[in-house]
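Here is the structure we will look at.
We did not get these values from a lab; they are worked out from the coordinates using the rules stated. Treat the numbers as computed from the prediction; the structure is a model and nothing was measured. Don't worry about glycine lacking a Cβ; one is built from the backbone with ideal geometry, like all the others, and counts go over all protein chains shown.
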Amino acid sequence: MDKETITPVRLPDPLPANAFDALPDEERNTEFIAMESRTYFQNVWANFRRNKLALTSLCFIVLMCVLAIAVPILSPYTYDGMDVQALNQLPSWKHIFGTDKFGRDIFVRVMYGARISLSVGFAAAGINLVIGVIYGGIAGYVGGKTDMVMMRVVDMLYSIPSLLYIILIMLVFGSNMFSVLLGICVSSWVGMARLVRTQVMSLREQEFSLAAEVMGASRTRILFKHLIVNSIGPIIVSLTLMVPSAIFQESFLGFVGIGISAPMSSWGTLANEARMVLNSYPIQIVWPVLSICLTMLALNFLGDGLGEALDPKKR
């Protein structure tokens, strides 16, 4: 039997003593972060800023709110101050938008009307948000007979015209801001409730919801901490669209003469007053109508921009 030939294995050369010495600073490859870590809302704001139209709309809404607060306070004229020496004047340096048939400054009245119209719009949207989110969240999460009964109530409210609620409420409480706000809020929350119910029903069977339930989280915590928070995108978009809807309803009521009572002025009331002198001084109706149109356009563009920023599928 031949002896097995053994091939000698050559060991590697020993490493030099300075093999593991630190590299000099000019040759060191420091850690490089390709993208800065951002939170969810920071990411939303970064995406929202890219939409120039939505960003411009946000600036316009902020500017309108600032003017609505500051102009009636800082102006030498008041919204109800009459001047018989300056009736139906055209725009000038003294009166930027001119004066009405009672000599009242139209610019101050338009900005005071912005207070009322924007207050009604934002307040109605906020109230409808709270009612709609809670009602729709409970109906969608509990389900079963509770969901069926709650949705039938929504269907009954939705079947009755909202204008009927408003007229009946104003007959009882009078023509004031509370009556208008209550009438708008009676049935406007049903759309939000349906939206939240649909979102909650689609999310309650997903893994994160089941995991929270297995870990012992209460049903209230699961609903408000997990399901509604994950539906915040569509909720915010719907909220921005509810504001112009409430403003339009209030303006319509003022235009037909059943809104805010004189001498207080909203944009609809100003348009109704300008309609009386439309043939003689048509420029007076331009200012309230232009304010309504620009504000509603800005709020709709703002809602579209938020929808794209909050929805990762649209980025």
- State, in angstrom, two size descriptors of the stretch 265-315 derived from its alpha carbons: Rg to one decimal place and Dmax to the nearest whole number. 16.8, 53
- Note on the structure: Per DSSP loop assignment and a cutoff of at most 12 other beta carbons within 10 Å, the chain keeps its longest run without exposed chymotrypsin sites (Phe, Trp or Tyr not before Pro) at 94-315
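How fast does the stretch 59-205 diffuse by Stokes-Einstein, in µm²/s, taking the Kirkwood radius from C-alpha pairs at 37 °C and 0.692 mPa s?
On the way: Rh = 18.3 Å.
Estimated via Stokes-Einstein, D reaches 180 µm²/s.
Using helices alone, what [θ] at 222 nm do you get for the chain, with -39,500 (n - 2.57) per DSSP H run of 4 or more residues, divided over all residues and rounded to the nearest 500?
On the way: 11 runs with 190 residues, N = 315.
Result for the chain: -20500 deg cm²/dmol, rounded to the nearest 500.
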- Karplus (6.51, -1.76, 1.60) ³J(HN,Hα), θ = phi - 60°, over the stretch 196-212, in Hz, Gly and Pro reported as x: 5, 4, 5, 5, 5, 5, 7, 9, 5, 9, 7, 5, 5, 6, 5, 5, 5
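As an exercise, use a Förster radius of 22 Å and the Cβ-Cβ distance of I69 and A123 to find the FRET efficiency, rounded to the nearest 0.05.
Values: r = 15 Å, r/R0 = 0.69.
Computed FRET efficiency for I69 and A123: 0.90.
Out of every Cα-Cα pair in the stretch 218-288, what percent are more than 21 Å apart? Mind showing how you got there, number by number?
Working: 1231 of 2485 pairs.
For the stretch 218-288, the share of Cα pairs beyond 21 Å comes to 50 percent.
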- In a Gaussian network model over the chain where Cα atoms closer than 10 Å are linked, find which of D80, D155, D100 has the largest mean-square fluctuation. D155
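About the Cα centre of the stretch 68-148, how large is the charge dipole given +1 on each Lys and Arg Cβ and -1 on each Asp and Glu Cβ? Please answer in debye to the nearest 20.
With Lys and Arg at +1 and Asp and Glu at -1, about 20 debye.
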- Task: Choose one answer from E273, E250, E205: the residue with the largest mean-square fluctuation in a GNM of the chain with alpha-carbon springs under 10 Å.
- Result: E205
- In nm, give the distance between the simple-model label positions of R50 and R38, each being 7 Å from the Cα along the Cα-to-Cβ direction. 0.9
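Across every pair of different alpha-carbon atoms, what Kirkwood hydrodynamic radius in Å does the stretch 137-220 reach?
Numbers: mean 1/r = 0.0669 Å⁻¹.
Computed over Cα pairs of the stretch 137-220, the Kirkwood hydrodynamic radius comes out at 14.9 Å.
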- Note on the structure: Most fluctuating of A124, A246, A70 in the GNM of the chain (C-alpha, under 10 Å) is A70
